[in-house]
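First comes the structure, then the notes that go with it.
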Amino acid sequence: MSRIAIIGAGISGLSAAKSLMDSHSVTIYEKSETAGGIAKSQHADGCVFHVCGANSMKSLHDATRSFISSLIDIDEEIVEITRNSAILFENGEVSKPEFHGMFRKKMTEIEGVPSPIENHIYMFKPEIQRQIISDIFHVKAKERNRRAPKFLATYLKSKFGQTLYDMYFGPYNEKVWHSDLKKIPLRWLEGRLSAPTADEILLANFNHTNYKPGAAKTFLYDTKGGAQRLIDRLVETLGDRLVCNHAVQTIERKGDVWTVDGSEYDKVVYCANLKLLPKILKTDLIEPFTGYIESLKYHGTTSVFCELAKNPYTEIYLPGKEHRAHKIICTGNFTPENNNDRHKMTGTVEFTDYISEDEIKGELSRMPLNPTYITHRYIECTHPIQDIDTRETVSNIKAALLPSGFYLTGLIAEWEQYNVNQAINAAIKTVETMHNS
Ligand SMILES: Cc1cc2nc3c(=O)[nH]c(=O)nc-3n(C[C@H](O)[C@H](O)[C@H](O)COP(=O)(O)OP(=O)(O)OC[C@H]3O[C@@H](n4cnc5c(N)ncnc54)[C@H](O)[C@@H]3O)c2cc1C
């Protein structure tokens, strides 16, 4: 039985701890008052507020499903919700309002085009339709002989053409990532991007198909605050192995053991921020990577919890420069349990990076669905930004640390854009690696 320290009790650390606790002596350190990291939800004015994102899940890996079902009755406690998302255009781009989803913005009506946008070219004004159709033929002509694009901007333009890129894909993604899309490596977002062919786009428009070929029409959502029930059950299972309010400061190699703030362990699983590792980890092994880790960029998220006007949507994307926010997640439509009698419809308005309460309130006053502020939360590191060398360098860091029993897993530890499903799966794989090494 090894003594194992886990740093960080987000979904990744909690999952690793649960997977290790039966055969090892585990201690999990968490700097905050409560576990759960960015997957937490809490009650605000009696309604459910997701502090970051919504923790809806598209699909589950087999290993993740089996892990979750050891704690949660998936059939009873998780519901399948039909996605109904829309993209908001406010400058007259859409042709026939009576045909489309309608939003009320104070006294003005503005239109939303259902997502995926490329299936709904027929909703735009004729002159925009003509530009997009010409782009799609251009895309088709190049489809066979094109070299695989390496960066996000090139990929999006090559798949959807310049007009849809300028109207939606470019501005929306720039708002989310606050980064130059020409430098975001495509493989970082692998599996998250749709890849329709030009023919599929045209067919979807002829047939008014709402969904991407092969893409999920529904998502899974736990009716008790998204991932919060899973977090609560993990915390309960871990008992006093979980130590909250402890921000780990120093991890040292002393002979054959690691010390974590003075306590000895045989192995360490690091699920906290990679950027902090050179400061916390006192070993020569990390030194070759210190300069690169310092150069890594990231962004945060300000999630603003609001009462919203009743609407039929699960999420609304805001590509326009009119708003600093990029998305409204209508969590109140996920399950009635997320609302109460006072706030009959709630949701989160999402901004990348910090925005002050005064600025938030100014932004809300100009937004659709008449959002009324309830509370907000800013989390500093939610979007690790990869460059073309990140995957390989993180893999080299892991390889350098693994022989001495130090492992990295999780969104901010591996500098990945994991969802909950992927974070749990990665933690399970890390535990398998530990058992095999
Ligand atoms: C905007 C946004 C929306 C999202 N929406 C979805 C969604 O709809 N569906 C989905 O499946 N996934 C979603 N995700 C992804 C999902 O939330 C993450 O994959 C998952 O929560 C990552 O968990 P983690 O444990 O790897 O990281 P984190 O949750 O960041 O956990 C790291 C933990 O380490 C702790 N820590 C840091 N430093 C120390 C220290 N020195 N000592 C001790 N503890 C420390 C932190 O307090 C934190 O609790 C979203 C993410 C974002 C950013």
The one condition S41 fails out of (1) more than 7 Å from the ligand (Cβ to nearest atom); (2) surrounded by fewer than 23 Cβ atoms within 10 Å (Cβ to Cβ); (3) over 30 Å from E264 (Cα atoms) is (2)
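Looking at L408, L402 in this structure, which one is touching an Asp or Glu at 6+ places or on another chain (Cβ under 6 Å) and within 27 Å of E252 (Cβ to Cβ)?
Working: L402 fails: touching an Asp or Glu at 6+ places or on another chain (Cβ under 6 Å).
Being touching an Asp or Glu at 6+ places or on another chain (Cβ under 6 Å) and within 27 Å of E252 (Cβ to Cβ) holds for just one of L408, L402, which is L408.
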Screening G92, G36 for residues that are under 30 Å from S404 (Cα atoms) and not assigned by TED's automatic domain parsing to the domain that holds A426 leaves only G36
**Prompt:** Is it the case that V51 is in contact with a Lys or Arg (Cβ under 9 Å, 6 or more places away or on another chain), within 15 Å of the ligand (Cβ to nearest atom), closer than 28 Å to Y373 by Cβ and aliphatic (A, V, I, L, M)?
**Reply:** yes
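Matching residues to (1) at pLDDT below 95; (2) farther than 30 Å from K254 by Cα:
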site	(1), (2)
R377	no, yes
E380	no, yes
Q386	yes, yes
T393	no, no
Y418	yes, yes
V431	no, no
By residue number, the members of the range 321-350 that are hydrophobic (A, V, I, L, M, F, W, C), surrounded by fewer than 24 Cβ atoms within 10 Å (Cβ to Cβ) and not in a loop (DSSP other than H, G, I, E, B) are I329
Among residues of the range 411-427 being assigned to a helix (DSSP H, G or I) and within 6 Å of the ligand (Cβ to nearest atom), the residue surrounded by the fewest Cβ atoms within 10 Å (Cβ to Cβ) is N421
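Could you look through the range 1-22, keep only residues that are among the hydroxyl-bearing types (S, T, Y) and part of a helix (DSSP H, G or I), and pick out the one that is nearest to the ligand (Cβ to nearest atom)?
First, pick out the residues of the range 1-22 that are among the hydroxyl-bearing types (S, T, Y): 2, 12, 15, 19.
In the following step, the residues that additionally are part of a helix (DSSP H, G or I) were identified as 12, 15, 19.
Details: S12: 3, S15: 8, S19: 13 Å.
If we take residues in the range 1-22 being among the hydroxyl-bearing types (S, T, Y) and part of a helix (DSSP H, G or I), then S12 is nearest to the ligand (Cβ to nearest atom).
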Report yes if E363 is outside the structural domain of D266 (by TED's automatic domain parsing) and either crowded, with 22+ Cβ neighbours inside 10 Å or over 14 Å from R324 (Cβ atoms) (or both), otherwise no.
no
Conditions (1) within 16 Å of the ligand (Cβ to nearest atom); (2) outside the structural domain of A17 (by TED's automatic domain parsing); (3) not acidic (D, E) -> R342 fails only (1)
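Only one of these is part of a helix (DSSP H, G or I) and at positive phi: G191, G161. Name it. Don't jump to the end; show me each part of the working.
Numbers: G191 fails: part of a helix (DSSP H, G or I).
None of the others qualify; the one that does is G161.
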Q.
more than 17 Å from the chain's Cα centre (by Cα) and charged (D, E, K, R): is that true of D240 in this structure?
A. yes
Looking at the structure I just gave you, is Y172 without any contact (Cβ under 8 Å) to a residue 24 or more places away in the chain, of a type in the set (F, W, Y) and not in a loop (DSSP other than H, G, I, E, B)? no
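Among the residues of the range 375-385, is any away from the ligand (no atom under 16 Å from the Cβ) and part of a strand (DSSP E or B)? Working first, answer last.
First, the residues of the range 375-385 that are away from the ligand (no atom under 16 Å from the Cβ): 375.
Cutting the leftovers down to part of a strand (DSSP E or B) gives us 375.
Within the range 375-385, one or more residues are away from the ligand (no atom under 16 Å from the Cβ) and part of a strand (DSSP E or B).
The values are calculated or read from the model by the stated rules, or taken from the named source; none is laboratory data. Since we're looking at a predicted model, the values are computed, not measured. As a convention, Cβ positions derive from the backbone with ideal geometry for all residues, glycine included, and neighbour counts pool all protein chains shown.
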